[in-house]
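Trainee: The structure is given below, and queries will be raised subsequently.
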Amino acid sequence: MSCSALGRRLVACLLNISEARRRDLVETVARSAITDTHGKKREGITVLNIFNDVDYNRSVITIVASIDLIREAVLSACERACSLIDMNVHEGIHPCMGAVDLVPLYPLGEEVGLEDCGKLAQALATALTERVTGTSVFLFGWADSPQRRGLAKRRKEIGWFKKVLDMSTIQPDVGPQPTRKYGVTGVGASPYVMNCNVTIDTQDLAVGRIVASAIRESSPSGIPGVQVMALPHAGAVEIACNVESFQGGPPSLSYGEEKWPSFTIGGQNFCHAPASLITARVAELARHHGVAIKGTALVGFTPRECQRLAEGALSNGIGEFWKELQRVHM
């Protein structure tokens, strides 16, 4: 990644909130990250992108700032989301368990490590439960010390994939027993996770699950770093992938001629599967069932894109950078 002075201490938060059908509400949450309680612009903070999915009723807000500034920006956005979203009345296809469902922190700059982001995530989790009475948190990744359990494992442990409604069964890491109004929030730190969603042209969820199972990392023929669900979406099936970055270079196994994007954290090399490879594998597997793909959507950016765009936005003082991207369907 670039080693510009501006980019060396950058951290990204891809804030996931359980609302997409009220666009004005989502933008209010985003603006809370870049303005203080008096409406004054916060310097050194940018919101790069807002991804909305109406079927899922879920939005992802990409907030980037230096590690010294991002805590207050993310906390303010979380506070606003909790004041506006009530999980008692939430409806949506995508699994979720919190008004603020996920707060992942990713190091972008050369001078920020995973341990730094883990400590920041722990502090943020405590501050959220103190500021918004009734909120609860489970920790994952480098915030989950010393076990460092991954997000997928923690979600499975608390019943996130089943969208458990009985909050009394959940034991949070921080805060009180979860309530239905706020639910429970995942807060953690890890190498960058990219979201790549491939839509296949069928309404047969069973086909989608076969495809998802085949590309999942845990499958013998799976793609390293890929965690995946098949979900009904807009009259079709979406193969929704979390593409995790992992330490080292591309796997030695043959994955065609695809170039695996790479970057560094604290002097260590990391890489992730390219969206083009995921799309090609999904297309191949779906074709065996007589199904074509309709398209691929990235939720936000690759790690390199995220840092490059953040440096540009911050150097030009653009807080509402997402407006520059409204012409692009993400």
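Trainee: Checking Val228 against (1) free of Cβ contacts under 8 Å to residues at least 60 places away in the same chain; (2) in a loop (DSSP other than H, G, I, E, B), which test does it fail?
Mentor: Single failed check for Val228: (2).
Trainee: Can you find even one residue in the stretch 304-315 that is open to solvent by 50 Å² or more (accessible area, probe 1.4 Å) and of a type in the set (A, V, I, L, M)?
Mentor: no
Trainee: Which condition number does Pro191 fail, the rest of (1) open to solvent by 40 Å² or more (accessible area, probe 1.4 Å); (2) assigned to a loop (DSSP other than H, G, I, E, B) being met?
Mentor: Single failed check for Pro191: (1).
Trainee: Could I ask something else about it? Could you look through the stretch 283-300, keep only residues that are under 27 Å from Leu325 (Cα atoms) and of a type in the set (Val, Ile, Thr), and pick out the one that is least open to solvent (accessible area, probe 1.4 Å)?
Mentor: Checking each candidate, the answer is Val299.
Trainee: Restricting to the stretch 130-143, name every residue that is touching a residue at least 40 places away in the same chain (Cβ under 8 Å) and surrounded by fewer than 23 Cβ atoms within 10 Å (Cβ to Cβ).
Mentor: Across the stretch 130-143, the qualifying residues are Arg131, Val132, Gly134.
Trainee: If I ask for residues that are open to solvent by 40 Å² or more (accessible area, probe 1.4 Å) and either in a strand (DSSP E or B) or hydrophobic (A, V, I, L, M, F, W, C) (or both), which ones from the stretch 1-51 would you list?
Mentor: Cys3, Ala5, Leu6, Thr35, Lys41, listed by residue number.
Trainee: If you don't mind, another one. Checking the condition farther than 14 Å from Pro191 by Cβ, small (Gly, Ala, Ser), out of contact with any strand residue (DSSP E or B) (no Cβ under 7 Å at 6 or more places or on another chain) and crowded, with 16+ Cβ neighbours inside 10 Å, which residue from Ala236, Ala280 passes?
Mentor: Answer to the check: Ala280.
Trainee: Further, regarding this structure: In the stretch 160-169, what residues are in contact (Cβ under 8 Å) with a residue 60 or more places away in the chain and of a type outside the set (D, E, K, R)?
Mentor: Result: Trp160, Phe161, Val164.
Trainee: Here's a follow-up. Only residues that are assigned to a loop (DSSP other than H, G, I, E, B), more than 30 Å from Ala5 (Cβ to Cβ) and at pLDDT 95 or above: list them for the stretch 84-137, please.
Mentor: Of everything in the stretch 84-137, those that are assigned to a loop (DSSP other than H, G, I, E, B), more than 30 Å from Ala5 (Cβ to Cβ) and at pLDDT 95 or above turn out to be Ile85, Asp86, Ala99, Val132, Thr133, Gly134, Thr135, Ser136.
Trainee: Still on this model: Looking only at the stretch 59-84, which residues are under 16 Å from Lys41 (Cα atoms) and buried (at least 24 other Cβ atoms within 10 Å of the Cβ)?
Mentor: Ile63, Val64, Ala65, Ile70, Ala73, Val74, Ala77
The values are calculated or read from the model by the stated rules, or taken from the named source; none is laboratory data. This structure is a prediction, so every number in the text was calculated from the model and none was measured. Glycine gets a Cβ as well: all are built from the backbone with ideal geometry, and neighbour counts include every protein chain shown. These accessible areas exclude ligands, DNA and RNA; they are computed on the full protein's heavy atoms, side chains included. Shrake-Rupley method; radii C 1.70, N 1.55, O 1.52, S 1.80 Å.
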